[in-house]
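Heads up: the structure comes next, in structure tokens.
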Amino acid sequence: MAKKITILGATGNIGTALVHHLLAQGHRVTAVSRPSARLDALAHAGAITKAGDAHDAPFLTEALRGADAAFLMIPPNVTAPDVLAHMDQIGEATAQAVRDAGLKQVVHLSSIGADEPAGTGPVLGLHHQEARLNAIGGLNVAHLRPAYFMENLLANVGMVQHMGITGSAMRPDLRFPMVATRDIAAKAAALLDGPALEGHSVHYLLGPRNYSQQEATVAIGQAIGRPELPYVPFSYEDAKKGMLGAGLSESMASLYDEMTRSMNEEKVMVLAPRDAASTTPTTLEEFAQSVFAPVFQAATAGA
């Protein structure tokens, strides 16, 4: 049966794929984000679009009112002077909008590590948002807890171009779950298209297996025709300088630093409960061929 479904963050990697999934399933989809060419493209694809600010509770209330279900997320802002405060502001506005709109069915994009009250960097903001949504009376919510996005590896494109390496402060041998955003969108679509959600549930999305940054570099190197591509581990200080140089705020760089240190010590986000339901299909090798290589080739052609 067709539903009215509102998608927040509709122009991101997950949101865009999710809108297309739900339109193909015959649902009436409202796509919500800041104004952009990507939002215009979703209108051309058949979505109703609403352009506005995620901090604006009345705008969000209007976007959610009358929906049978919604996909909620806090859009990232890596340049925010206080990232956790930014996340709290949007989280509060979203929760207020859910209450005021009388929404009863929600799929929420959270993260692996959101069960932890400290040591997770920016994921702490999602720990708070899960609690906010769980506190809303009568709201049935499915929290998606995906692992490290394979798309995060796209941050290496410039490094490969200009330095001939990939690199980060992650231990080369540290294996942890990585998931493609297309698989997160597919899970969200299945939940929104399926039977009514009941109570509060948590869904881990962990990719097909755990990978190290060294293995990721091998997959990337093979996909772009540079099989000798090396992974270079950086010191925490150099990694943070690199993030600041790339335009991240001090707040965001510090949170990423905290998360990386905790992961390297295998305290968070590394050992997740893997089972058939949390194992998603897209391999790192497929991602490298279908996503990383085209982005790298386009960047190289435009250089």
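The values are calculated or read from the model by the stated rules, or taken from the named source; none is laboratory data. Treat the numbers as computed from the prediction; the structure is a model and nothing was measured. Counting neighbours? That spans all protein chains shown, and the Cβs are built from the backbone with ideal geometry, glycine included.
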* **region 1-29, residues that are surrounded by 23 or more Cβ atoms within 10 Å (Cβ to Cβ), over 17 Å from residue 74 (Cα atoms) and free of Cβ contacts under 8 Å to residues at least 40 places away in the same chain** => 29
* Residues of region 58-85 that turn out to be buried (at least 19 other Cβ atoms within 10 Å of the Cβ) and in a helix (DSSP H, G or I), as a count -> 5
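Sort through 132, 145 and tell me the only one that's at pLDDT 95 or above, assigned to a strand (DSSP E or B) and either farther than 20 Å from residue 205 by Cα or of a type outside the set (A, V, I, L, M, F, W, C) (or both). Before you say what the answer is, go through the steps one by one.
Working: 132 fails: assigned to a strand (DSSP E or B).
Every option except 145 fails the conditions.
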* Asked: Exactly one of (1) part of a helix (DSSP H, G or I); (2) of a type outside the set (Asp, Glu); (3) closer than 23 Å to residue 292 by Cβ; (4) in contact with a strand residue (DSSP E or B) (Cβ under 7 Å, 6 or more places away or on another chain) is unmet by residue 22. Its number?
  -> (3)
* Asked: Could you say which residue among 235, 168 is touching a strand residue (DSSP E or B) at 6+ places or on another chain (Cβ under 8 Å) and either surrounded by fewer than 18 Cβ atoms within 10 Å (Cβ to Cβ) or closer than 25 Å to residue 270 by Cα (or both)?
  -> 168
* To do: Quickly run through region 205-260 and pick out the residues that are assigned to a loop (DSSP other than H, G, I, E, B), touching a residue at least 12 places away in the same chain (Cβ under 8 Å) and more than 21 Å from the chain's Cα centre (by Cα).
  => 224, 226, 229, 230, 234, 235
* For residue 140, state whether it is modelled with pLDDT of 95 or more, surrounded by fewer than 19 Cβ atoms within 10 Å (Cβ to Cβ), under 30 Å from residue 103 (Cβ atoms) and not hydrophobic (A, V, I, L, M, F, W, C). => yes
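Taking the stated definitions as given, is residue 294 touching a residue at least 12 places away in the same chain (Cβ under 8 Å) and loosely packed, with under 15 Cβ neighbours inside 10 Å? It would help to see each step written out before you state the result.
Values: touching a residue at least 12 places away in the same chain (Cβ under 8 Å): no; loosely packed, with under 15 Cβ neighbours inside 10 Å: yes.
So residue 294 fails the test.
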